[in-house]
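The values are calculated or read from the model by the stated rules, or taken from the named source; none is laboratory data. Fair warning: this is a prediction, and the values are worked out from it, not measured in the lab. Heads up, the Cβs are rebuilt from the backbone with ideal geometry, glycines too, and the neighbour counts pull from every protein chain shown.
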Amino acid sequence: MSEMSKLAITGKGGVGKTTLASVLARLHAADGHKVLAIDADPDANLGAALGISNEELKRITPIAQLEELIHERTGSKPGTVGGMFKLNPQVDDITDRFSISKDGIRLLVLGTVKKGGSGCICPESALLKSLLTHLLLRRDEMVILDMEAGIEHLGRGTAAAVDAFITVVEPGMRSLETAQAVRKLAEDIGIKQCFVVGNKIEHDTDRQFITDNLHDFTVLGFISQNPKIGEADRKGISPYDLDPKVVSEVKAIREQLAAFSR
Ligand SMILES: Nc1ncnc2c1ncn2[C@@H]1O[C@H](COP(=O)(O)OP(=O)(O)O)[C@@H](O)[C@H]1O
Ligand SMILES: [Mg+2]
């Protein structure tokens, strides 16, 4: 795959990360790519945005909550801090066992690691980091990470395997500040490419506001404020299936992104 195939989507809560991640995942799957969608947001709802029903979602446990597996693989019980455990636990079978598939996309939910002080090194975060690194280094697969604004799941080693960070912003100062902060963090851990997508656009002035305030960022494109997206959310349908407009807007964003990898 010559296209950038390992993407991490970040941004302030509620800006549209999950919406973008789900539509991007569906677009790639429609092209016949193998797609792995990873929900790394503690406020996990990527599955719903992919149109996976609540009943199906209930059948999978977030990886961070798989206490026995974490114990078995790291040699230490979750919640333990500072003990001895394996830093490179076996992870290659986890996706097959703990993911669900729909519409050609495999979904993996990471769950929340309770923070044990700065630079928490606990068995569950060791397992998640190993798992992410393993998944990001697989070559033949498109990986879309739906993240929170913080990028704790990504250590230096893991981050190096991400092709690009996409920060979603809305026309408001706070989300733009998050974009600045994310880029700073991303640079610190060695991410090469940081892009921006503007969401919830109502007027040309919204686009202008974003490009003016983030003039030294590359803005890949925009998604309109669109009642169909909220409707999809309320109905538990993927926005991809409900509205051609958001699909064409995300297609354009994807083409812009591809232009950077040529
Ligand atoms: N362009 C848009 N137009 C209207 N509603 C949107 C738009 N983008 C996102 N939303 C709605 O905003 C809420 C948050 O979106 P979501 O993608 O879950 O954000 P995040 O993952 O960043 O928290 C959802 O209810 C979603 O339906
Ligand atoms: Mg989300």
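Could you tell me which residue of segment 79-108 is nearest to LEU36 (Cα to Cα), considering only residues that are among the hydrophobic types (A, V, I, L, M, F, W, C) and loosely packed, with under 14 Cβ neighbours inside 10 Å?
Looking at the filtered set, the residue picked out is LEU87.
Take residues that are over 30 Å from LYS17 (Cα atoms) and tell me which of the helices (runs of 4 or more DSSP H) falling wholly in segment 40-93 contain 2 or more. Walk me through it before giving the result.
Details: elements: 46-49, 54-58, 67-74.
In segment 40-93, 67-74 are the helices (runs of 4 or more DSSP H) which contain 2 or more residues that are over 30 Å from LYS17 (Cα atoms).
To keep it simple, each residue is scored yes or no on (1) at pLDDT 90 or above; (2) hydrophobic (A, V, I, L, M, F, W, C); (3) surrounded by 15 or more Cβ atoms within 10 Å (Cβ to Cβ); (4) within 15 Å of ligand 1 (Cβ to nearest atom).
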site: LYS184; (1), (2), (3), (4): no, no, no, no
site: GLY190; (1), (2), (3), (4): no, no, no, no
site: ASN199; (1), (2), (3), (4): yes, no, yes, yes
site: PHE209; (1), (2), (3), (4): yes, yes, yes, no
site: ASN226; (1), (2), (3), (4): yes, no, yes, yes
site: LYS235; (1), (2), (3), (4): yes, no, no, yes
site: TYR240; (1), (2), (3), (4): yes, no, yes, yes
site: LEU257; (1), (2), (3), (4): yes, yes, yes, no
site: SER261; (1), (2), (3), (4): no, no, no, no
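Do any helices (runs of 4 or more DSSP H) lying entirely in segment 173-262 carry at least 2 residues that are of a type in the set (Ser, Thr, Tyr), and which ones are they?
In segment 173-262, 173-188, 204-213, 244-261 are the helices (runs of 4 or more DSSP H) which contain 2 or more residues that are of a type in the set (Ser, Thr, Tyr).
Quick one: which of GLY11, GLY47, GLY111 is within 16 Å of ligand 2 (Cβ to nearest atom), modelled with pLDDT of 95 or more, in contact with a strand residue (DSSP E or B) (Cβ under 9 Å, 6 or more places away or on another chain) and among the small types (Gly, Ala, Ser)?
GLY47 is the lone residue from the list that is within 16 Å of ligand 2 (Cβ to nearest atom), modelled with pLDDT of 95 or more, in contact with a strand residue (DSSP E or B) (Cβ under 9 Å, 6 or more places away or on another chain) and among the small types (Gly, Ala, Ser).
Which condition number does SER76 fail, the rest of (1) more than 16 Å from ligand 1 (Cβ to nearest atom); (2) at pLDDT 90 or above; (3) surrounded by 16 or more Cβ atoms within 10 Å (Cβ to Cβ) being met?
Every listed condition holds for SER76 apart from (2).
So which residues in segment 211-224 are of a type in the set (Asp, Glu) and either modelled with pLDDT under 95 or surrounded by 14 or more Cβ atoms within 10 Å (Cβ to Cβ) (or both), if there are any at all?
ASP216
Filter segment 55-75 down to the residues that are over 22 Å from PHE85 (Cβ atoms) and away from ligand 2 (no atom under 16 Å from the Cβ), then identify the one that is nearest to the chain's Cα centre (by Cα).
Ranking the qualifying residues of segment 55-75, first place goes to ILE60.
Is it fair to say THR218 is touching a Phe, Trp or Tyr at 6+ places or on another chain (Cβ under 7 Å), of a type in the set (S, T, N, Q), away from ligand 2 (no atom under 15 Å from the Cβ) and touching a residue at least 24 places away in the same chain (Cβ under 8 Å)?
yes
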